[in-house]
1. Could you order 72, 183, 105 so the one with the most accessible surface comes first? Probe is 1.4 Å.
2. Quick query: amide H of residue 26 versus all other amide H atoms, modeled in the peptide plane; which residues come in under 5 Å with a sequence gap of 5 or more or a different chain?
3. How far is the Cα center of region 50-72 from the Cα center of region 167-244, in Å?
4. Between residue 111 and residue 16, how many nm apart are label points set 7 Å from Cα along the C-beta direction?
5. What percentages make up the Cα-Cα pair-distance distribution of region 134-285 when the bins are 5 Å wide from 0?
6. Keeping all protein chains in the complex and leaving out DNA, RNA and ligands, what accessible area do you get for residue 303 with a 1.4 Å probe, in Å² to the nearest 10?
7. Less than 15 Å from a label point 7 Å out along the Cα-to-Cβ axis of residue 294: which backbone N atoms in region 175-203 qualify, by residue?
8. Which of 96, 24, 61 sits farthest toward the positive end of the charge dipole of region 1-123, with +1 on the Cβ of Lys and Arg and -1 on the Cβ of Asp and Glu?
Amino acid sequence: MNEKITCTNCGQLNPINSTLCINCDKNIRNYDYYKKDFKKYYELFSEKNLEILKEIPLTDGAYATILNSIVEIGEENLSITAETPSIPILMKITKPYARVQYDQENKHPDFLSYYSFNKIFINRNTPQQLIGGAIIHEFAHHLFNEIIKQSIMHLLNMEKNLYIEAFAWYLTLQNEYLQIANEYVSHKVQEYFLPEQFNGYTSLITLLEENSNLEETKIQTALNFGNTIIEDIIFIIEHYITKSNPFNPMTTQTPTLPFKVDSIDEQEKLNSIYTIIYKTFELFCKNKRDMLPILDDLANSYIYYNI
């Protein structure tokens, strides 16, 4: 399910969407992957694929395969025994998934870090002692997006391509409730692995304040959904790193978050992922021409950040 591209300099197999080799850091010149082809857009959002989604549920077995496929992206490209999360180790384990670099353009000066289109950006003013936590926080964002992406690929039995990447980004970017779930997940994963660098749910609280018009019941549902995804992302990352302090349990609640977060059962989680994908895919299929410019903008952003 995860197609590869070979580095012509050292022979290393890299994920198909790579532009720099994981092993030697040479430019792979992977321009074909990032070449826009509207024919592929229309092939993706076809009535045939919509019918496939209608007929194929997201099962426990399928989801386990998806998580293991994400783990394999790293395991196939890394030789590492899980250890405590130092900055060099974090830079190494994220490489097959998302590149870490300093934010040279200072796009978000108020952020310690941010994630965008398979890139993790660190603010140049972020204190050295907080960089590890920032990388884990943004890596969790990437893995949240990767779970959605790999679920689409599995349901449609398709390899990763530019439009699937753009569609997965649309799902996590345009849905405010999914943004809230995503932000909560990243905070909790950071707290789990590096509790000493966890300083509260600041960005989540800001997101909630900026979206004060949202329904509280749906926010609660989003947080509960996110609380269940946390375990899956921890499962992936624990293949590469351990908790910095195994005797410091993850805090289950926080007085600064105005919600009591619970978990949902496995089937409800799978139904939620499936519904998010199917309903949005249906929207694109029924409004191909109207939605094309939106997805095209996201595809352009992928090209801008990766080429």
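1. Descending order: 105, 72, 183.
2. Amide H to amide H, under 5 Å and 5 or more residues apart or across chains, residue 26 pairs with 21.
3. Distance between centres, Cα-based: 22 Å.
4. 2.8
5. Computed distribution, short to long bins: 2, 9, 18, 22, 20, 15, 8, 4, 1, 0.
6. Taking all protein chains as shown, residue 303 has close to 40 Å².
7. Once the point is set 7 Å along Cα→Cβ of residue 294, 175-179 turn out to lie under 15 Å by backbone N, inside region 175-203.
8. About the Cα centre, the residue reaching furthest to the positive side is 24.
The values are calculated or read from the model by the stated rules, or taken from the named source; none is laboratory data. Because the structure is predicted, anything quoted here is derived from the model rather than measured. So basically every Cβ, Gly included, is an ideal-geometry build from the backbone, and we count neighbours across all protein chains shown. Protein only, heavy atoms only, side chains kept; ligands, DNA and RNA dropped before computing areas. Shrake-Rupley method; radii C 1.70, N 1.55, O 1.52, S 1.80 Å.
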